[in-house]
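Structure record follows, encoded as structure tokens.
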Amino acid sequence: MDNLREQLHYFLFDRDGDLLYEIGAVAVAYGIYKIAYIILKNTVFHPIPTFPYPQTRDENFKVIKNALEEGTLPKIFRPHFFPGSTFSNFYVITDFEIMKEAFSKRSMSNRQFSERFECTIKNMLRRKDYHEIAKSILDENDQLLKNGVGNLAGIAEGRYDQFHKKIRAQWHDTMKRLVGKNKLAEIIQASTENVCLHLERLGSDPSGIDPRRIFMNGSINVTSGLAFGINYDFEDPEFLKIADYVDSFFVGVLHFILKCICNNALPLWTLIKKNHENHEKISQSDFYNKLWLKTPLKHFEDALPLFHSYVFKIIKEQQKTLDPANPRNLLDTLLIEASRDPEWGYFTLAATIVALYLAATDTLANTLTWLSLVLADHPEVQEKIYEELKSAREKDNDLIKENCPFTRSVLLESRRLNPIAETLVHVASEDTQVKGFTFPNNSQIIGSLAAVMHDPKNFPEPSKFIPDRFIDENGEFVNDPKVCGFSVGLRNCIGKSLAIEEYFAFGTSMVENFEIKRIAGNMDIADHPGLRIPKDDIRLQFIRRKNKA
Ligand code: HEM
């Protein structure tokens, strides 16, 4: 013991040399070792390679396509958006089987949502006097008002938990009920007629139009039909208001998501704002809001109370005639649920309906716009569809899908050739094994649907438009699940079957009623940060057919 004490004394005080220097040297060596360890672990020894994944969809698609052609696209990779992402826990899956297995797991079916996300939303609601708005419209004794804001994770947010499953179940129940009563077909038919009316009015102009706005309106109207049972005329001032809210949301939604991500990712939590007399705490969210104040984020945050107020007014109206035994539309179903489940607060309910408007609009409008472009380039395909629809109608005036194999093949091929979106971000809620690889807890995962649909292993000559790609030797249409534009698994697109119905109805009426000609633009992809969509210089002419089918 004495020996040890002596040795320590010698080491610290008696020998030559500067102790601080030595401690410093050890610390630096340890630091270098740690950095080298992290770099090597995340590069050379990481089981998943990094790969470029540009932000804008035009660049992104180019990179993915090239890699698929060269056979160099990894089945899973970590995107290098910027150098630091080598160390991030972000993954992109490009292989269909891996994606299917991953997204069928509950632990891989969450969205990003956290206490900080909730705070961002709460702060926004506070700034907008949201509670006062709801109070001024809804009745004082309204159960919805008593429930408060409710669960802040709407239909496209939050964990894959009991509440999320309930929302999905209620949506699908409503759909089934409406299909059973033939209501859904009526709603879509009414919108289809409106779409054709406007294509004729505006699209016959020889200089052509970008038809997106008309398709967007068609989709907005279907959502209004489902949610509230209202079929608007596209020029109705109430309808124009909704279309305006939807537009404002699109201008700002990416900024809002960016703000939530910054809030979630950065360590900064509360700042102290000093003003002359007192110290006031401001949250990180308020701080970013000040930075973003004059940007499109403002459009988003300003549109939110307006859009929600609109929903509150309809709620108040609809409650007067609500029959709990006989829900007429989605809003009725949700109001009945809110009367027994306090998680359904006024924010949850309005946000769910607004999310459906948003999710349904841009996606479907651009899918239809790609279809119109493809058809414009292939007049012979238009004619073949036209003839098929004509004879299908002769058999049965209601268009029975089974009688239209070629049409269905073309519709599916256009969706395959022109995928609109990748999946939203999925978040792992625990370490999860998928085909031998462990996605760590909290990792974020995107499924590249474009990669699956353009992989030559899944679809030979994937860049070619092959109209009868999905017709078998007996002339029957055969669906292929690898055309997976609605994603796969537990968190796939909730509106998939509705979108397919709308796409069929709008697409077939377009060909039955018009010859489509391209006047300007091409198939180039816009430099959009979220969706893979045509550029806005496209112009198409819709010439009314003389012998309508
Ligand atoms: C052609 C049209 C559409 C396409 C290509 C499309 C595609 C997608 C995709 C790729 C996702 C992400 C799935 C994932 O992260 O795994 C999604 C989610 C979603 N879609 Fe669609 N969609 C379309 C139309 C619609 C329609 C018409 C509605 C509703 C009326 C809708 C409602 C939603 C909702 C609510 C989500 C979020 C689901 C969740 O987080 O649980 N979509 N959609």
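Overview of values
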item	result
Number of positions in segment 419-460 that are more than 10 Å from the ligand (Cβ to nearest atom) and out of contact with any His (no Cβ under 8 Å at 6 or more places or on another chain)	29
So F506, is it closer than 21 Å to D396 by Cβ and in contact (Cβ under 8 Å) with a residue 12 or more places away in the chain	yes
Search result, residues across segment 63-76 that are among the charged types (D, E, K, R), free of Cβ contacts under 8 Å to residues at least 60 places away in the same chain and surrounded by 13 or more Cβ atoms within 10 Å (Cβ to Cβ)	K75
Residues (in contact with a Gly (Cβ under 9 Å, 6 or more places away or on another chain) and without any contact (Cβ under 8 Å) to a residue 40 or more places away in the chain) located in segment 195-213	H198
Matching residues in segment 348-365 - criterion: being farther than 19 Å from L306 by Cα and of a type in the set (A, V, I, L, M, F, W, C)	A360, L364, A365
Qualifying positions in segment 153-201 - away from the ligand (no atom under 11 Å from the Cβ), within 22 Å of the chain's Cα centre (by Cα) and more than 20 Å from A499 (Cβ to Cβ)	D161, Q162, F163, K166
Sole residue being in a helix (DSSP H, G or I), touching a Pro at 6+ places or on another chain (Cβ under 7 Å) and either of a type outside the set (D, E, K, R) or at pLDDT below 90 (or both), chosen from L68, L40	L68
Which numbered condition V511 misses (of (1) within 16 Å of the ligand (Cβ to nearest atom); (2) within 29 Å of I187 (Cβ to Cβ))	(1)
Residue in segment 357-374 that is closer than 30 Å to E140 by Cβ and either within 16 Å of the ligand (Cβ to nearest atom) or at pLDDT below 95 (or both) present	yes
Residue in segment 306-324 that is part of a helix (DSSP H, G or I) and at pLDDT below 75 present	no
Residue match in segment 253-270 (condition: modelled with pLDDT of 90 or more and small (G, A, S))	no
Residue in segment 100-111 that is within 16 Å of the ligand (Cβ to nearest atom), assigned to a loop (DSSP other than H, G, I, E, B) and under 20 Å from T352 (Cβ atoms) present	yes
Number of the condition not met by A499 [criteria: (1) farther than 18 Å from L373 by Cα; (2) surrounded by fewer than 20 Cβ atoms within 10 Å (Cβ to Cβ)]	(2)
Subset of segment 386-432 (residues that are within 31 Å of the chain's Cα centre (by Cα) and aliphatic (A, V, I, L, M))	L399, I400, V410, L411, L412, L417, I420, A421, L424, V425, V427, A428
Filtered residues of segment 352-385 (kept if of a type in the set (A, V, I, L, M) and within 14 Å of the chain's Cα centre (by Cα))	V354, A355, L356, L358, A359, A360, L364, A365
Search result, residues across segment 461-496 that are within 16 Å of the ligand (Cβ to nearest atom) and among the acidic types (D, E)	D480
Residue that is nearest to T363 (Cα to Cα) [pool: residues in segment 422-436 that are crowded, with 21+ Cβ neighbours inside 10 Å and of a type outside the set (S, T, Y)]	E422
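The values are calculated or read from the model by the stated rules, or taken from the named source; none is laboratory data. These numbers come from a predicted model, not from an experiment. Positions of Cβ are backbone-derived with ideal geometry, glycine not excepted, and every protein chain shown enters the neighbour counts.
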